[in-house]
1. Pairs needed: first member in the stretch A:181-198, more than 9 Å from A:VAL273 (Cβ to Cβ); second member anywhere, of a type in the set (Lys, Arg) and assigned to a helix (DSSP H, G or I); C-beta distance under 6 Å; at least 6 residues apart or different chains.
2. List every residue pair whose Cβ atoms lie under 6 Å apart, where the two residues are 6 or more positions apart in sequence or sit on different chains, the first residue falls within the stretch A:24-42 and is at positive phi, and the second residue, located anywhere, is open to solvent by 50 Å² or more (accessible area, probe 1.4 Å).
3. Under 9 Å between Cβ atoms, which residue pairs at least 6 apart in sequence (or on different chains) link something in the stretch A:303-320 that is within 23 Å of A:PRO199 (Cβ to Cβ) and more than 7 Å from every other protein chain (Cβ to nearest Cβ) with a partner that is surrounded by fewer than 18 Cβ atoms within 10 Å (Cβ to Cβ) and of a type in the set (Lys, Arg)?
4. Before we move on, is B:VAL74 within 10 Å of chain A (Cβ to nearest Cβ), more than 30 Å from A:THR184 (Cα to Cα), aliphatic (A, V, I, L, M) and buried (at least 22 other Cβ atoms within 10 Å of the Cβ)?
5. Suppose we keep only residues that are of a type in the set (Lys, Arg) and free of Cβ contacts under 8 Å to residues at least 24 places away in the same chain within the stretch B:269-295. Which one would you say is surrounded by the fewest Cβ atoms within 10 Å (Cβ to Cβ)?
6. Taking the stretch A:320-358 as the region of interest, how many residues are in a loop (DSSP other than H, G, I, E, B) and at pLDDT 95 or above?
7. Return the total of residues in the stretch A:247-268 being open to solvent by 10 Å² or more (accessible area, probe 1.4 Å) and part of a helix (DSSP H, G or I).
8. Search the stretch B:166-194 for residues being open to solvent by 30 Å² or more (accessible area, probe 1.4 Å) and assigned to a helix (DSSP H, G or I), and hand back the single one that is nearest to A:LEU39 (Cα to Cα).
There are 2 protein chains.
Amino acid sequence: MSSESLFGAVLGRVLPVDKFWIEQAQARQLQLTKPPGSLGRLEEIANRVAAIQSTMVPSIKNARIVLFAADHGVCAEGVNPYPQSVTAQMVANFVRGGAAINALARVAGADLEIIDAGVAHEIPETGGLIRRAVARGTRNFCQGPAMTRPQAVEALMLGIEMADRAAADGCKLLGMGEMGIANTTTASVLTAALTHIDPALVVGRGTGADDACMARKRSAVDRALSLHLGHIHEPLDLLTRLGGFEIGAMCGLCIGAAANRCAVLVDGFIATVAAALAVQFKADVRDYLFPAHRSTEPGQVPLLEMIGHRPFLELDMRLGEGTGAALAVPLMRAAVAAFTGMATFASAGVSESAGKDS
Amino acid sequence: MSSESLFGAVLGRVLPVDKFWIEQAQARQLQLTKPPGSLGRLEEIANRVAAIQSTMVPSIKNARIVLFAADHGVCAEGVNPYPQSVTAQMVANFVRGGAAINALARVAGADLEIIDAGVAHEIPETGGLIRRAVARGTRNFCQGPAMTRPQAVEALMLGIEMADRAAADGCKLLGMGEMGIANTTTASVLTAALTHIDPALVVGRGTGADDACMARKRSAVDRALSLHLGHIHEPLDLLTRLGGFEIGAMCGLCIGAAANRCAVLVDGFIATVAAALAVQFKADVRDYLFPAHRSTEPGQVPLLEMIGHRPFLELDMRLGEGTGAALAVPLMRAAVAAFTGMATFASAGVSESAGKDS
């Protein structure tokens, strides 16, 4: 079986959640000792997790953030204030435990896996690093396709493999994270191509581009779209021509999680484009996605509309790494804890409403 | 010393946070291995907690939710779909551990204290309950003042006592919670009186008022304002004439927390009115407040503007009990964990920007 056929087989395993469980969960919510609907979106979270796991006693066990790092050929266009070598330096920082995601995953009680999906430079420290580089960075999509079709499939299958491994480890909640200097440029190009929105509206300052940098970023996005849009006929073309290895892997992680009936926390802009791409591959992936936070990047807005869920947190963050996903892990736990741990009106002897009270 | 003089003495202990620590914290944030400002509002949280604790190694130890329950005379006006007896029933549910706040505090790793600040009905279960009822519910403020001036001071001092006790126990983060059938009506009246906003704009559906209920609620608010507004000259008049015992106690908790240099998570609408009242007593209390979530109640919006901070979570919740505060505890921990746990550019060997890279 070719890699592409294997990928197609995984897509075939992704099924929508069973509405029966949603209805069962909604009925239980009405019995819990609170006014109907008063826990707001926590109720929707719990109901969907119950449906994903096909149980009235869902759990958020062994939450895990999976962070894919890769480099981007478009970095050569001067779209970013940081040098490309920072990707490798930050991967070393992740491995040593010194980055924001390390602190946030730790305090959230989530495991953290770091995967080299295609970093260009030598990574100075590698203890614990999962080395699975598809190549040493993508090519510059201002000049040609970012990767080959087999490379795109390899990136997708890498994410699926990580989801399968997490499921085998009993993980009930995955979070997506990424690191890749210049990857907001890649995400902007993909967003424009996915949503057909004016590219000027989806290019943001990323980690801190100044005006000259922004002008180069906009130019790179425009040139990439001119070069490739006419050749894009299916989701795999998008990833091949305009993607990044970490974006392909995160897309695969969403698909693999859905195939394993595991909930996924979507991080910021880059992760959201990967999730939206996964929804292009198979619309039912949507049922497994939980956007964690609203990034300051403007391009995330139309992608969230494609995915069809509102994010939980609005903290003006724009770091990536899975930091937003890690912050949302306790919210998912709380939603499920209320659903499974609360007393019912009957068991607690609490009156449901004035009409039912003596 | 009279209770009122004691209260004045506590207000005198509330000081603004020292800007020196804010600046020190901001400088440290720039050294951490992330683009400047990329952790967004998590950075502001950590910087303010550092300033509150006057240290570069702040902590969120022994987080505690303090839940005050009390009844409201205005309940007799038919402003709520639940009977007044539900307050006592829910207090029993809190004590037994079956309510939403029990599940959410547990999963957040926060202690939970339940205080009877003035419940009208017999509480069927009381193991662990802190019995400090100022009276068995307030009087109906559509007919006269809700409480006496000494009762208002007693409610405030109850909150201060709970803050002092928490500080003595090493608590570095307090969360405010409340339970009281009909207390969104009380909160709406207080909000209109505090903000001078059209009362029609600050009356919401609370835990689920239907149209007839809403009409009675609006009428009660209008009559209360007509009766009392001319007699309100200082914050204590507001609490005395239009308050609730749990609102007074939560207001005292904010003031007591500030006096003890402890951060406070503000919950939903009712808690926010108590926090805004605390800011009326002493503007510097503001420096210690962290609004946790945006409630669906419209009256919370102008109160948040008075307090001057944006909430973190927008989950369409309208339950109270401190549920929003409990959800925000992990966010506070995360903000502080990133601040204290991350590597610096120098220690991690990460390039700060293209300009500084070779």
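1. A:THR185/A:LYS217
2. Cβ pairs passing all conditions: A:GLY40/B:ASP316.
3. Pairs found: A:LEU304/A:ARG310.
4. Numbers: within 10 Å of chain A (Cβ to nearest Cβ): no; more than 30 Å from A:THR184 (Cα to Cα): yes; aliphatic (A, V, I, L, M): yes; buried (at least 22 other Cβ atoms within 10 Å of the Cβ): yes.
Here the answer is no, as B:VAL74 does not meet what is asked.
5. First, the residues of the stretch B:269-295 that are of a type in the set (Lys, Arg): B:282, B:286, B:294.
Pick out the ones that are also free of Cβ contacts under 8 Å to residues at least 24 places away in the same chain and you get B:286, B:294.
Working: B:ARG286: 20, B:ARG294: 22.
Filtering first and then ranking leaves B:ARG286.
6. Initially, the stretch A:320-358 is screened for residues in a loop (DSSP other than H, G, I, E, B), giving A:320-322, A:342-343, A:349-353, A:357-358.
Okay, now just the ones that are also at pLDDT 95 or above, so A:320-322, A:342-343.
Number satisfying all stated conditions: 5.
7. Number satisfying all stated conditions: 1.
8. B:ALA167
The values are calculated or read from the model by the stated rules, or taken from the named source; none is laboratory data. Keep in mind it's a predicted model, so treat the numbers as computed, not measured. Every residue, glycine as well, gets a Cβ built from its backbone with ideal geometry; the counts of neighbours run over all protein chains shown. These area figures cover heavy atoms from the full protein model, side chains too; ligands, DNA and RNA do not enter into them. Shrake-Rupley method; radii C 1.70, N 1.55, O 1.52, S 1.80 Å.
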